[in-house]
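Notes for the one structure printed next.
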Amino acid sequence: MSIIKLHDLHFKPYIDKEEIAATVKFLAQRVKEDLSKNEIPIFVGILNGCFLFAADFIREFKGNCEVSFVRLASYEGTSSTEKIKHLVGLNEDLTGRTVIILEDIIDTGGTLQEIYNIFRHKNVKQLKVVTLFFKPDVFRKELPIDYIGKNIEDKFIVGYGLDYDGLGRNYPEIYQLTPIPKMKNIVLFGPPGAGKGTQANFLKEMYNLVHISTGDVFRFNIKNQTELGLLAKKYMDEGDLVPDEVTINMLKAEVDKNADANGFIFDGFPRTESQATALDAFLAEKGEQINAMIALEVPEDLLVERLLERGKTSGRSDDTDEVKIRNRFNEYNTKTAVLKDYFNTQEKYYGVNGVGSIEEITQRIANVFNTL
């Protein structure tokens, strides 16, 4: 989950779909347990917001039931100033029936009070209220709320049926209103020999950003024998890959050390979709996001020549063997393809021509950066 933008506002992840599903199941089971044996209730969903909640709740109910959806409306009464509230969509005879109102969220309770009063005059056997979310700090009515899924703070939320000016209902998670992100954060990618490190140094100076290189972070933690460094070294000494969780925690520590930064250049991270998802979630908790993945694109044959030439003076054994170089490209291309799709889906992927002088390439990246 990452920050989303609806109209002019930004929303950060708040409640994931797994927690929502567990809460809905819990509510449905509670209601089923409290009903008399063989009793067939009628569930009444209040439109528009509750349609997703109602559909999932009814599937979890595991018993016979009837379903109806209503909307509270008003029309002019007998005098010019009188407005009468009524329910649109309710045609069933409710005499002697158990009616259970399904609400997605209850805040002040004003609308629910109107609906509750209408149902009380329909000779029902019993009237109960189920709400997925409840804001206790702003609830102002003396109404019985029989089943509450989750108490939440009084902040505007969207998703899972809830909207902001028509948008956001289709998201399977819940998002909470957050201030506009202040940082500019990029993931800088490039195949071996593309000059990614050089460009990162220019960009951090141009835009006053913090450059976080995964390799540098690993070396720092191992050299200084931090808790994470010792853990990473243990895996490396045993010939195992360092788990994503360890790598991500190192990156988190670097971000937290630079809380006042204008933004970050993430270099060498993420390398997998799971790492990208974890990075998105971590930044979203802070009300921030990845603005772009910028990938330097250079023909492979040109890079092979460049690395072999570099290998004459660099002292790096992996720069002197063309087979090893090609294998590094295969690994890069495999990982980049996955991440390209991931960031493309968010409309955040930017491929930049990496052939030319250092200054020319820097300007191309800057042209992208200035549009973010």
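Odds and ends about this structure:
- Between 282, 266, the distinction of being within 26 Å of residue 195 (Cα to Cα) and of a type outside the set (D, E, K, R) belongs to 266 only.
Yes or no, residue by residue, for (1) closer than 22 Å to residue 272 by Cβ; (2) more than 32 Å from the chain's Cα centre (by Cα); (3) small (Gly, Ala, Ser):
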residue: 297; (1), (2), (3): yes, no, no
residue: 309; (1), (2), (3): no, yes, no
residue: 312; (1), (2), (3): no, yes, no
residue: 327; (1), (2), (3): yes, yes, no
residue: 333; (1), (2), (3): yes, no, no
residue: 336; (1), (2), (3): yes, no, no
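- Which numbered condition residue 275 misses (of (1) of a type in the set (S, T, N, Q); (2) over 25 Å from residue 220 (Cα atoms); (3) open to solvent by less than 40 Å² (accessible area, probe 1.4 Å); (4) modelled with pLDDT of 90 or more): (2)
- Some residue of the range 186-193 being closer than 16 Å to residue 266 by Cα, small (Gly, Ala, Ser) and touching a His at 6+ places or on another chain (Cβ under 7 Å): no
- Whichever residue in the range 194-204 is within 11 Å of residue 265 (Cβ to Cβ) and of a type outside the set (Phe, Trp, Tyr) and, among such residues, is surrounded by the most Cβ atoms within 10 Å (Cβ to Cβ): 199
- For the residues 321, 256, 301, 260, the requirement of being open to solvent by 20 Å² or more (accessible area, probe 1.4 Å) and either among the hydrophobic types (A, V, I, L, M, F, W, C) or modelled with pLDDT under 85 (or both) singles out 321.
- Elements of the type helices (runs of 4 or more DSSP H) sitting completely within the range 119-237 and holding at least 3 residues that are of a type outside the set (Gly, Ala, Ser) and either in contact (Cβ under 8 Å) with a residue 40 or more places away in the chain or touching a Lys or Arg at 6+ places or on another chain (Cβ under 9 Å) (or both): these cover 196-207, 214-223.
- Of all residues in the range 121-157 being of a type in the set (Phe, Trp, Tyr) and buried (at least 16 other Cβ atoms within 10 Å of the Cβ), the one that is modelled with the lowest pLDDT: 139
- Counting the residues of the range 45-85 that are within 18 Å of residue 166 (Cα to Cα), at pLDDT 90 or above and open to solvent by 60 Å² or more (accessible area, probe 1.4 Å) gives 1.
- Subset of the range 326-361 (residues that are closer than 24 Å to residue 301 by Cα, polar (S, T, N, Q) and either in contact with a helix residue (DSSP H, G or I) (Cβ under 7 Å, 6 or more places away or on another chain) or assigned to a helix (DSSP H, G or I) (or both)): 327, 330, 333, 334, 336, 353
- Every test in (1) in contact with a strand residue (DSSP E or B) (Cβ under 9 Å, 6 or more places away or on another chain); (2) not in a helix (DSSP H, G or I) is passed by residue 254 save one, and that test is (2).
- Scan of the range 1-58 for residues that are part of a helix (DSSP H, G or I) and of a type in the set (Asp, Glu), ordered by number: 18, 19, 33, 34, 56
- Residue match in the range 331-338 (condition: touching a Phe, Trp or Tyr at 6+ places or on another chain (Cβ under 8 Å) and within 16 Å of residue 196 (Cβ to Cβ)): yes
- Scanning the range 362-372 for residues that are part of a helix (DSSP H, G or I) and open to solvent by less than 60 Å² (accessible area, probe 1.4 Å) gives 362, 365, 366, 368, 369.
- Boolean, residue 203 is over 18 Å from residue 350 (Cα atoms) and modelled with pLDDT of 90 or more: no
- Residues in the range 214-227 that are buried (at least 18 other Cβ atoms within 10 Å of the Cβ) and modelled with pLDDT of 90 or more: 217, 221.
- Selected residue [under 30 Å from residue 295 (Cα atoms), surrounded by 20 or more Cβ atoms within 10 Å (Cβ to Cβ) and under 19 Å from the mean Cα position of the chain (by Cα)] from 175, 160: 175
- Test: residue in the range 338-352 that is of a type outside the set (Ser, Thr, Tyr), open to solvent by less than 70 Å² (accessible area, probe 1.4 Å), touching a residue at least 12 places away in the same chain (Cβ under 8 Å) and more than 30 Å from residue 208 (Cβ to Cβ): yes
- Test: residue in the range 353-361 that is out of contact with any Gly (no Cβ under 7 Å at 6 or more places or on another chain), surrounded by 18 or more Cβ atoms within 10 Å (Cβ to Cβ) and either under 30 Å from residue 177 (Cβ atoms) or touching a residue at least 40 places away in the same chain (Cβ under 8 Å) (or both): no
The values are calculated or read from the model by the stated rules, or taken from the named source; none is laboratory data. The model shown is predicted, which means the values in this text are computed figures rather than measured ones. When we count neighbours, we look across all protein chains shown, and the Cβ atoms used for this are built from the backbone with ideal geometry, even at glycine. When the accessible area is computed, the model is the full protein with side chains, heavy atoms only, and any ligands, DNA or RNA have been set aside. Shrake-Rupley method; radii C 1.70, N 1.55, O 1.52, S 1.80 Å.
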